[in-house]
Amino acid sequence: MFEWVHYQFPARIFIEKNATHKIGTLVKEVGSRALLVALKSEMSNPDELAVIKTSLDKYTSGCILYDDMASRPGNKELDTAAHFAKQSRADIIIGYGGRDSFHAAKAIALLCKNDVFAEDLPHTALPLKRAPLPVAQVPAAPSMGEETSPVFSVYNPETRSAFFSQDYRLFPAIIFVDPNITSTLSEGELSRAGAANVAAAVESILSRRANDITTSIALRSLDLVQKNLQQVMKEPGNMAARTNVSLASVLCGMAHSNSMLGLCYSIASATSLLTGLEFHLAMALLLPHVMEYNLTTSAGRYVQIARALDEDIKDITVIEAAIKAVEGVRKTYLELKIPQRLSESEIAKEDLPEIAELAFRIPMVKNSPRDLDKNEIETILIAAY
């Protein structure tokens with residue numbers, strides 16, 4: 001019997017060398033005055049930011065650069081930015097950089113159109129009444145596709161926690177991906193970004209909300225990372241491989257923007273929030289252990305993952321093939337020089353119960369194919385330690 005498949009992705013995507021040079025000509029179709037949100041911690045290429053601003057100034061009524069926010073901006077910083085957007089009469093918000101910039105841009109777009117403070121969002125009926133301003137995103141590095149997603153988060157520095165939600169009106173109007181920008185990344189940064197892409201693609205495939213469309217896209221993302229990331233690290237000037245790594249990130253986001261991420265994302269978010277561990281690294285460290293936990297409930301999907309990772313699964317059982325998928329991820333991470341244990345990252349074992357408690361409260365945890373409680377999350381963390 002045929003089952004309905006629902007998929008939504010309204011963004012226009014431009015992936016090409018010097019894509020940011022034409023940003024002004026395309027943004028003007030959506031808005032006339034842009035607030036360009038950039039966190040100093042994510043500005044891997046300040047010259048590229050100048051190119052973006054020049055193009056916007058030329059083709060729109062103006063661009064205001066807003067870079068007065070710390071890494072992982074908190075409630076008050078987002079409120080201040082939203083107020084500034086109102087005062088500046090911005091009619092489009094552009095995020096430049098990485099994960100924190102993308103989440104900030106979406107939150108600002110929502111807050112500046114509604115009479116609500118960031119700290120009140122967890123206690124406010126969502127979606128908010130007024131539609132957010134349109135958003136455009138410009139990744140400065142492959143970011144497991146978070147530039148594509150309608151999910152946003154608001155960080156509370158007092159509790160070291162974050163509120164996560166989604167609003168489908170926050171799908172970006174336009175995404176500009178210029179592989180040239182990634183040439184400034186170190187080998188370690190590129191390695192962690194690629195490892196996180198693998199984790200997010202696997203999470204998308206295993207999600208309860210996955211469907212044939214999201215799974216096909218996520219498998220293609222895995223295939224591109226597998227075939228191109230190491231090549232870029234060996235040959236930094238290989239623009240074809242570099243473009244494919246950027247494409248893999250966008251495809252990963254196109255998958256999880258609908259399937260949503262799950263258990264690994266929730267635990268990684270909690271770990272990063274409470275310990276300061278870099279988020280992409282947390283995703284990579286935790287994925288094999290989350291995969292082991294979910295293996296028996298989703299073995300058939302693991303077979304697809306094993307194939308995408310070029311594992312030899314001929315003449316073996318489904319469970320054996322599923323185990324090969326986990327082994328394939330571990331081999332990939334060893335090649336990328338990703339640490340294998342949380343204990344290698346100066347995380348205290350005493351922190352694990354608090355991490356589990358916070359992870360259990362992050363809504364994406366419900367997308368896991370297997371039901372669990374916070375004690376089982378702590379068990380996963382202990383295994384990863």
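Coordinate-derived values only; no laboratory data. Just so it is clear, the model here is predicted, and its values are computed rather than measured. Don't worry about glycine lacking a Cβ; one is built from the backbone with ideal geometry, like all the others, and counts go over all protein chains shown.
Quick look at the values:
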| read-out | value |
| --- | --- |
| Whole-Å distance, taken between Cα centres, linking region 113-129 and region 274-346 | 37 |
| Extent along principal axes [Cα atoms of region 154-301; Å; largest to smallest] | 42, 41, 34 |
| Mean Cα-pair separation over length for the chain, i.e. relative contact order, pairs under 8 Å, 6 or more apart, % | 15 |
| DSSP beta bridge pairing in the chain, given as percent antiparallel to the nearest 5 | 20 |
| Mean Cβ neighbour count within 10 Å, used as a protection proxy, ranking 355-364, 201-210 highest first | 201-210, 355-364 |
| Assigned charges on the beta-carbon of Lys, Arg, Asp, Glu; region 12-181 dipole about Cα centre (debye) | 440 |
| Solvent-free Debye scattering, log10 I(q)/I(0), computed from the Cα coordinates of the chain at q = 0.08, 0.09, 0.10 Å⁻¹ | -0.38, -0.49, -0.60 |
| Sum of side-chain charges, T243 neighbourhood, beta-carbon under 11 Å (Lys, Arg +1; Asp, Glu -1) | 0 |
| Region 120-165: trypsin sites (Lys or Arg not before Pro) in DSSP coil with no more than 11 other Cβ atoms inside 10 Å | K129 |
| Charged-residue dipole, Cβ positions (Lys, Arg, Asp, Glu), region 97-225 about Cα centre, Debye nearest 20 | 360 |
| Greater than 18 Å apart at Cα, pairs in K129/K366; K314/K337; K76/K113; K324/K349; K106/K374; K324/K374 | K129/K366; K314/K337; K324/K349; K106/K374; K324/K374 |
| Under 5 Å, built H, 5+ apart or other chain: amide partners of M69 | K40 |
| Highest to lowest packing among 223-236, 256-269, scored as the average C-beta count within 10 Å | 256-269, 223-236 |
| Candidates L121, L56, L190, ranked by Gaussian network fluctuation over the chain, Cα under 10 Å, top entry | L121 |
| Between region 36-82 and region 242-273, the alpha-carbon center distance in angstrom | 23 |
| Cα-centred dipole magnitude for the chain, charges only on beta-carbon of K, R (+1) and D, E (-1), debye, nearest 20 | 1040 |
| Residue-averaged [θ]222 nm for the chain, counting only DSSP H segments that reach four residues, each worth -39500 (n - 2.57) | -16000 deg cm²/dmol |
| Packing-based exposure ordering (other Cβ within 10 Å, fewest first) of L273, L26 | L26, L273 |
